[in-house]
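The values are calculated or read from the model by the stated rules, or taken from the named source; none is laboratory data. Predicted model only: the values in this text are computed from it and were never measured. Every residue, glycine as well, gets a Cβ built from its backbone with ideal geometry; the counts of neighbours run over all protein chains shown. Surface areas here come from the heavy atoms of the whole protein model, side chains and all, with no ligands, DNA or RNA. Shrake-Rupley method; radii C 1.70, N 1.55, O 1.52, S 1.80 Å.
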Amino acid sequence: HTHTYIYPISEQEQLLVIADTDLRRNLNSTMQRVFRHTGLPEHDVTGINEDRLHRRMTLQWPQFEVQSGWDIHSRYDPMPDAIRDTLRQFYKPYNARLFSFVGRDFGWDT
């Protein structure tokens, strides 16, 4: 649960939570936030996309997808509504605490 990971963090500034939609919609500005947050030098990442990342990963770690079972291009069948509703209700109070802590509602409960 999120509370296990959040409560050891005493200051909101210690935690940076980004949404995957932010990365997809505005990769460069989102990554600049990550670089600043972690103290790394900023880099222009506008030329990076899924295909380029996949090629680089395949060159650097040829067996990564085989060994991990992960695929950057993977797609999943839609989750059944009943399961989604059950999970949404279960995680709703935890999400509310996280949203309050980071000052942003990610819309996971809608």
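Computed quantities for the displayed model
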read-out: Filtered residues of the stretch 8-17 (kept if out of contact with any helix residue (DSSP H, G or I) (no Cβ under 6 Å at 6 or more places or on another chain), surrounded by 10 or more Cβ atoms within 10 Å (Cβ to Cβ) and not in a helix (DSSP H, G or I)); value: ILE9, LEU15
read-out: Subset tally (residues that are small (Gly, Ala, Ser) and open to solvent by 70 Å² or more (accessible area, probe 1.4 Å)) for the stretch 83-110; value: 1
read-out: Candidate set from the stretch 79-110 (those that are among the acidic types (Asp, Glu) and at pLDDT 90 or above); member that is nearest to the chain's Cα centre (by Cα); value: ASP105
read-out: Options TYR94, TYR76: the member that is among the aromatic types (Phe, Trp, Tyr) and more than 27 Å from GLU13 (Cα to Cα); value: TYR76
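Residue-by-condition table, conditions (1) on the phi > 0 side of the Ramachandran plot; (2) at pLDDT 85 or above; (3) acidic (Asp, Glu):
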residue	(1), (2), (3)
THR2	no, no, no
ARG24	no, no, no
THR30	no, yes, no
ARG36	no, yes, no
PRO41	no, yes, no
ASP51	no, yes, yes
GLN60	no, yes, no
ASP71	no, no, yes
ASP77	no, yes, yes
